[in-house]
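Let me begin by presenting the structure, written as structure tokens, before commenting on it.
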Amino acid sequence: MPSLTTDSRGRSPYWICCYTSATGQRLKKSTKVTVKPFKGEKRKDGSLKTVADKRAEAWEVCLSTERAENHAKNGTLTEQQARKIIGEILERTTGESLHNYKARDWLNHWLDMKEQVRASKTTTRYRQVIRDFIISLGDRANLALAHITPKDVLMYRDSILKSNKTARTANLSVKVVSAALNTALRQGYIQANPATAVESLPVKAEERGTFTSAQVSKLIRAAKGDWPGAILLGYYTGARLGDVANMRWDAIDWRSKIVRFTPSKTKKPVTIPLHRDLERELLKNAGIGKTPMFPSLAGKDTGGKHGLSGRFAAIMERAKIEGKRTQASGGRTLSSLSFHSLRHSFNSAMANAGIAQEIRQKLTGHTSVETNKVYTHHELEPLRAAVAAIPSLRL
């Protein structure tokens with residue numbers, strides 16, 4: 001019969017369970033239930049807990065501990081039985097149930113969480129990866145999450161390569177799976193992330209396309225309507241095409257001469273000083289409030305031949321600018337130059353001017369600064385100097 005005691009030397013604040021192990025030994029084990037309730041600790045009905053309440057909680061833990069030992073002694077302690085006992089302890093003492101996710105259920109739960117904090121395009125890509133991973137798992141997707149092994153992740157990665165996808169695509173897909181498992185690890189549902197045991201495949205480095213300042217000038221001269229302003233905004237802020245197209249006038253603080261917006265991809269606000277060329281262009285048709293800066297581009301799809309990316313490609317063609325063509329999966333050919341290259345050009349121009357990487361990271365949004373970060377005047381000065389270092393264009 002188990003019993004409860006306290007530490008006679010007063011070193012432990014917890015009730016101690018005295019019980020008989022499966023081998024017949026008499027052992028002592030902390031219940032991790034404090035002898036005295038915490039200040040303000042309450043029962044389910046809202047009344048304050050007493051020492052008697054805490055003793056009752058510790059007794060439930062103690063009884064369950066010996067029950068588990070009895071199962072072990074009789075050879076009937078299975079993983080399912082152990083989880084059931086632990087779940088009963090948790091529910092009786094805290095009122096909360098023990099979550100025992102199947103792999104399939106956890107992965108879908110993770111996707112639901114990501115939809116609340118990621119852009120729709122990102123979550124669409126995540127859903128594709130997780131769907132394929134679940135298919136790769138087969139019947140194992142119905143096992144407890146803790147049963148997923150490095151071999152499962154490796155088989156999924158190999159299936160990607162067998163479908164004629166690139167090593168880069170395989171690595172990115174494993175990275176998404178690893179992110180889902182990392183969240184489970186942080187929340188205590190698994191003890192280790194099996195995806196971290198799978199090494200990344202070597203990837204042939206690809207040259208990042210950048211526009212020269214002369215090429216950007218050509219693009220602006222070849223562009224019409226809202227596009228000249230959009231190109232300048234991309235070049236002098238590093239903003240992605242979707243963010244540029246949907247930029248509102250309230251993102252501009254004319255008095256402080258800054259652009260402040262939240263990229264749809266990262267959801268982390270960035271603050272970028274206005275370059276004199278960009279300020280001059282935007283003032284030509286300055287608006288107010290939530291009015292779109294570029295009405296003809298706002299709300300349009302960015303992808304595809306007839307999307308904004310395709311329209312930008314047409315501007316490149318008129319400007320007689322062509323990037324290096326590379327073969328991609330599915331028989332496609334990709335250009336090393338696109339609207340996104342303006343982002344690389346923004347970073348490259350500052351690097352060529354000797355701007356430190358830390359400053360460039362703040363301006364491109366590749367940083368872990370806290371949400372709603374507001375820069376002081378002193379903090380803005382090095383950012384202003386960095387943007388001002390980008391040479392003016394010859395238009």
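Confirm whether LYS300 is under 24 Å from LYS224 (Cα atoms), outside any strand (DSSP E or B) and either open to solvent by 50 Å² or more (accessible area, probe 1.4 Å) or touching a Gly at 6+ places or on another chain (Cβ under 7 Å) (or both). For LYS300, the condition - under 24 Å from LYS224 (Cα atoms), outside any strand (DSSP E or B) and either open to solvent by 50 Å² or more (accessible area, probe 1.4 Å) or touching a Gly at 6+ places or on another chain (Cβ under 7 Å) (or both) - is met. Condition first: part of a loop (DSSP other than H, G, I, E, B) and charged (D, E, K, R). Now tell me which residues in the stretch 275-291 satisfy that. Answer for the stretch 275-291, where residues must be part of a loop (DSSP other than H, G, I, E, B) and charged (D, E, K, R): just LYS290.
Per-residue answers, yes or no, for (1) more than 31 Å from the chain's Cα centre (by Cα); (2) among the aromatic types (Phe, Trp, Tyr); (3) open to solvent by 50 Å² or more (accessible area, probe 1.4 Å):
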{"site": "LYS267", "(1), (2), (3)": "no, no, yes"}
{"site": "VAL270", "(1), (2), (3)": "no, no, no"}
{"site": "HIS275", "(1), (2), (3)": "no, no, no"}
{"site": "GLU279", "(1), (2), (3)": "yes, no, no"}
{"site": "ILE288", "(1), (2), (3)": "yes, no, yes"}
{"site": "PRO292", "(1), (2), (3)": "no, no, no"}
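Residue count for the stretch 1-60, restricted to those that are on the phi < 0 side of the Ramachandran plot, within 41 Å of the chain's Cα centre (by Cα) and of a type in the set (Gly, Ala, Ser): 4.
The C-beta contact set for the stretch 19-41 (first residue touching a residue at least 60 places away in the same chain (Cβ under 8 Å), second residue surrounded by 14 or more Cβ atoms within 10 Å (Cβ to Cβ) and of a type in the set (Gly, Ala, Ser), distance under 7 angstrom, 6+ apart or interchain) comprises VAL33/ALA58.
Here are ARG55, ARG11, ARG26: which of them is open to solvent by 80 Å² or more (accessible area, probe 1.4 Å), modelled with pLDDT of 80 or more and either aliphatic (A, V, I, L, M) or out of contact with any strand residue (DSSP E or B) (no Cβ under 8 Å at 6 or more places or on another chain) (or both)?
On the way: ARG55 fails: either aliphatic (A, V, I, L, M) or out of contact with any strand residue (DSSP E or B) (no Cβ under 8 Å at 6 or more places or on another chain) (or both); ARG26 fails: either aliphatic (A, V, I, L, M) or out of contact with any strand residue (DSSP E or B) (no Cβ under 8 Å at 6 or more places or on another chain) (or both).
When all the criteria are applied, what remains is ARG11.
Residue-by-condition table, conditions (1) farther than 30 Å from THR34 by Cα; (2) in a helix (DSSP H, G or I); (3) at pLDDT 85 or above; (4) of a type in the set (D, E, K, R):
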position	(1), (2), (3), (4)
THR93	no, yes, no, no
MET113	yes, yes, yes, no
THR122	yes, yes, no, no
GLY138	yes, yes, yes, no
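The values are calculated or read from the model by the stated rules, or taken from the named source; none is laboratory data. Because the structure is a prediction, the values reported are computed rather than measured. Using ideal geometry, Cβ is built from the backbone for each residue, glycine included, and neighbour counts are taken over all protein chains shown. Side chains are part of the model used for accessible areas, which takes the heavy atoms of the whole protein and leaves out ligands, DNA and RNA. Shrake-Rupley method; radii C 1.70, N 1.55, O 1.52, S 1.80 Å.
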